[in-house]
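Some notes on the structure that comes next.
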Amino acid sequence: AVGVIRLGQRQCLVQELPAIEGLARVDVVCADKTGTLTENGMRLAEVRALDPATGGPAAQGSTAPAELTEILAQLAATEPNPNASLAAIADGIPAAQQRWEETEHAPFTSARKWSGSTFAGQGSWVLGAPDVLAPEGSPARSAAEAIGATGLRVLLLAEASLPVTDGAAPGQVTPAALVVLEQRVRPDAADTLAYFAEQQVQVKVISGDNARSVGAVTSALGLVGGADALDARHLPTAAEQIGADDDFTAAVSRHTVFGRVTPDQKQAMVLALKSRGHTVAMTGDGVNDVLALKKADIGVAMGSGSPATRAVAQIVLLDNRFATLPYVVAEGRRVIGNIERVANLFLTKTVYSVLLALLVGIAQLPFPLQPIHVTITGWFTIGVPAFLLSLAPNHERAQPGFARRVITLALPSGVVVAAATFLTYWLVQPGTDAPEALTNQAATASLACIIVVASWVLAVVARPYEWWKVILIVASAAAYVAIFSIPLTRSIFILDPSNGAMMRTGLTIGLAGGLAVEALWWLQRRRR
């Protein structure tokens, strides 16, 4: 709950509480280029006219004649739901003065990679990816790839030989112009990628844009493998049952940046990464990302994304900033990592409480502690430290085996605490008929033993040390010294440390128990 509140303060909406745990385990983030590494908005840079006969640059230069901008204006006017590219084009050219009569319309889809309209008396015009509309090796496609290699986004305006709703559309296309769009790289994108690299989280850029254009952007941002962008159309066909060893999965694992990815491929890529044992977070903002978001371990949607995308995601970034994701991952790690620390403390107490009750029952001895003594042990070896440790920063990625790790530390530690306490009580207990003063002295020595060993468990769990953790451990020890030293607290908590022999026995056995806990921690660390 605290994690959800902290993320909410960073404009991050957590729609499912279990997502906090998933975030702690993420080791691969799949992200789009547009809206993630680059800002959503685009700007029309220029319209370069092409020679219809050759497909190369027009003889009069790169400036588009008025008829080309008119065609673009008509395409923008007939689109009821323009995407970001078409909206940028509409903002950069004069609006159509007189609408042409549209007879057929084909909206943009991620699978088709183009949109278009058929106009009465004006023919069919399409606007889309040059490497989809133009054949390989054509002058128009070569010119577009050269521009795209600089990181710019390029669309091809072409006249189609078939109506846009024809099953074989667009048919033969005649290139008319290259539409060049500028995208601003987010100023925090490089730092975000650097953070993930430092935290050993892989970033896979999965985009529907031209592979060379995506590669240019990611390479400039310093993403490892960014320059080696792969056109997803050249990927092996994904098997129906994706496995860890098939060719498609191997290619997805090997490469970092992908262009011209279809929605089905995005979904297959997520499944392929999961088959290799990765915990995958997928970011997206469009309907074409829904399939992949549903298959990912953690779906992250942008606040400005489609309603369907936000509905299936576990996390929504309300500020639409990819740079928020490191805080999201870090919060998940903090919560789960600290729960593991705290679990060690609480389970240790559970173990030694149960064992101590069993041991004194079997030995037919009175329980060594007063109820208020149990309260004291919980204050500064568990309660206050656990509260502070649960809120502390923790950047370690969560690993499988939570219960096993907690048990391998807490169970032996609890056994040591119980054994040391029972041994102390066995040596100092004065018998069932002893005066109350001696009984209190024996209980105080036994309590001292518990506190020493339990404090050592706290010192082990708090590692690695930082200044505030050292202060926490020292303050806890000082609090116990004060409780045992001040007459008022001794009276309140029924403590009598006046019997030097009993106290030396309790503290000596407690110190030996602490060293045993230390040895167990080192053995466990070496085994890991």
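The values are calculated or read from the model by the stated rules, or taken from the named source; none is laboratory data. Here the structure is a predicted model, which is why all the values come from computation and not from measurement. We place every Cβ from the backbone using ideal geometry, glycine too, and count neighbours over all the protein chains shown. Side chains are part of the model used for accessible areas, which takes the heavy atoms of the whole protein and leaves out ligands, DNA and RNA. Shrake-Rupley method; radii C 1.70, N 1.55, O 1.52, S 1.80 Å.
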If you scan the range 88-108, which residues turn out to be touching a residue at least 24 places away in the same chain (Cβ under 8 Å) and either open to solvent by 30 Å² or more (accessible area, probe 1.4 Å) or over 30 Å from A146 (Cβ atoms) (or both)?
-> D91, G92, P94, A96, R99, W100, E102, T103, E104, H105, P107, F108
Out of the range 414-435, which residues are modelled with pLDDT under 85 and open to solvent by 70 Å² or more (accessible area, probe 1.4 Å)?
-> T432, D433
Given the residues V270, V280, V214, V290, which is the only one that is in contact with a Ser or Thr (Cβ under 7 Å, 6 or more places away or on another chain), within 18 Å of T309 (Cα to Cα), open to solvent by less than 50 Å² (accessible area, probe 1.4 Å) and aliphatic (A, V, I, L, M)?
-> V290
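Is at least one residue of the range 193-202 farther than 25 Å from E46 by Cβ, without any contact (Cβ under 8 Å) to a residue 12 or more places away in the chain, in a helix (DSSP H, G or I) and under 39 Å from the mean Cα position of the chain (by Cα)? So that I can check it myself, show each step before the final result.
Filtering the range 193-202 for residues farther than 25 Å from E46 by Cβ gives 193-202.
With the extra rule that they be without any contact (Cβ under 8 Å) to a residue 12 or more places away in the chain, the set shrinks to 198.
Still in the running and in a helix (DSSP H, G or I): 198.
Pick out the ones that are also under 39 Å from the mean Cα position of the chain (by Cα) and you get 198.
Checked against the condition, which is being farther than 25 Å from E46 by Cβ, without any contact (Cβ under 8 Å) to a residue 12 or more places away in the chain, in a helix (DSSP H, G or I) and under 39 Å from the mean Cα position of the chain (by Cα), the range 193-202 yields at least one hit.
Looking at Q200, Q265, which is the one that is modelled with pLDDT of 85 or more, within 30 Å of P400 (Cα to Cα) and surrounded by fewer than 17 Cβ atoms within 10 Å (Cβ to Cβ)?
Details: Q265 fails: surrounded by fewer than 17 Cβ atoms within 10 Å (Cβ to Cβ).
Going through Q200, Q265 in turn, the sole match is Q200.
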Tally time: how many residues in the range 487-510 are assigned to a helix (DSSP H, G or I) and farther than 20 Å from L345 by Cβ?
-> 16
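I'd like the residue in the range 4-21 that is in a helix (DSSP H, G or I) and modelled with pLDDT of 85 or more and, out of all such residues, is surrounded by the fewest Cβ atoms within 10 Å (Cβ to Cβ).
We begin by selecting, within the range 4-21, every residue in a helix (DSSP H, G or I); these are 4-8, 19-21.
Now restrict to residues that are modelled with pLDDT of 85 or more: 4-8, 19.
Numbers: V4: 17, I5: 9, R6: 17, L7: 23, G8: 12, A19: 23.
My answer is I5.
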Pairs with Cβ under 7 Å, 6+ apart, first in the range 241-257 and among the aromatic types (F, W, Y) and open to solvent by 40 Å² or more (accessible area, probe 1.4 Å), second assigned to a loop (DSSP other than H, G, I, E, B) and modelled with pLDDT under 90 = none
V316 passes all but one of (1) open to solvent by 20 Å² or more (accessible area, probe 1.4 Å); (2) at negative phi; which number fails?
-> (1)
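Scan the range 392-413 for residues that are open to solvent by 80 Å² or more (accessible area, probe 1.4 Å) and at pLDDT 85 or above and jot them down.
R404, I407, L411
Inspect the range 364-377 for any residue being assigned to a helix (DSSP H, G or I) and of a type in the set (F, W, Y) and give the result as yes or no.
Going through the range 364-377, the residues assigned to a helix (DSSP H, G or I) turn out to be 371-377.
Subset that is of a type in the set (F, W, Y): none.
No, the range 364-377 has no match at all.
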Counting only residues that are touching a Lys or Arg at 6+ places or on another chain (Cβ under 6 Å) and surrounded by fewer than 22 Cβ atoms within 10 Å (Cβ to Cβ), how many does the range 217-240 have?
-> 2
Reported set for the range 347-366 where residues are at pLDDT 90 or above and surrounded by 15 or more Cβ atoms within 10 Å (Cβ to Cβ) is L347, T348, K349, V351, Y352, S353, L355, L356, L359, V360
Could you check T439 against (1) closer than 21 Å to G337 by Cα; (2) assigned to a helix (DSSP H, G or I) and say which number it fails?
-> (1)
Determine whether the range 440-462 contains at least one residue that is without any contact (Cβ under 8 Å) to a residue 24 or more places away in the chain, open to solvent by less than 30 Å² (accessible area, probe 1.4 Å) and within 21 Å of W379 (Cβ to Cβ).
-> yes
Taking the range 102-118, which residues are of a type outside the set (S, T, Y) and touching a strand residue (DSSP E or B) at 6+ places or on another chain (Cβ under 6 Å)?
-> E102, E104, H105, A106, P107, F108, K113, W114, G116
Sort out which residues of the range 490-502 are open to solvent by 30 Å² or more (accessible area, probe 1.4 Å) and under 51 Å from the mean Cα position of the chain (by Cα), and write them in order of number.
-> R490, I492, I494
Restricting attention to the range 293-304, which residues are crowded, with 24+ Cβ neighbours inside 10 Å and in contact (Cβ under 8 Å) with a residue 24 or more places away in the chain?
-> A296, I298, V300, M302
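For the subset of the range 33-53 comprising residues that are assigned to a loop (DSSP other than H, G, I, E, B) and closer than 21 Å to A144 by Cα, which member is modelled with the lowest pLDDT? Break it down stepwise before answering.
Kept after step one, since they are assigned to a loop (DSSP other than H, G, I, E, B), are these residues of the range 33-53: 33, 35-37, 51-53.
Now narrow it down to the ones that are closer than 21 Å to A144 by Cα: 33, 51-53.
On the way: K33: 81, D51: 80, P52: 74, A53: 70.
The extreme case among them is A53.
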Single condition I372 does not satisfy, out of (1) open to solvent by less than 30 Å² (accessible area, probe 1.4 Å); (2) touching a Phe, Trp or Tyr at 6+ places or on another chain (Cβ under 8 Å); (3) of a type outside the set (S, T, N, Q) = (1)
Working only within the range 170-192, note down all residues that are in contact with a Lys or Arg (Cβ under 9 Å, 6 or more places away or on another chain), of a type outside the set (K, R) and part of a loop (DSSP other than H, G, I, E, B).
-> D188
Helices (runs of 4 or more DSSP H) lying entirely in the range 246-363 (those with 3 or more residues that are under 17 Å from the mean Cα position of the chain (by Cα)) = 263-275, 290-295, 325-362
Might you let me know whether the range 145-155 holds any residue that is at negative phi, crowded, with 19+ Cβ neighbours inside 10 Å and of a type in the set (S, T, Y)?
-> no
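If we scan the range 416-426, do we find a residue that is touching a Pro at 6+ places or on another chain (Cβ under 6 Å) and closer than 27 Å to A516 by Cβ?
So the first thing to find is which residues in the range 416-426 are touching a Pro at 6+ places or on another chain (Cβ under 6 Å), and the list is 425.
Then keep just the ones that are closer than 27 Å to A516 by Cβ; that gives 425.
Among the residues of the range 416-426, at least one is touching a Pro at 6+ places or on another chain (Cβ under 6 Å) and closer than 27 Å to A516 by Cβ, which makes the answer yes.
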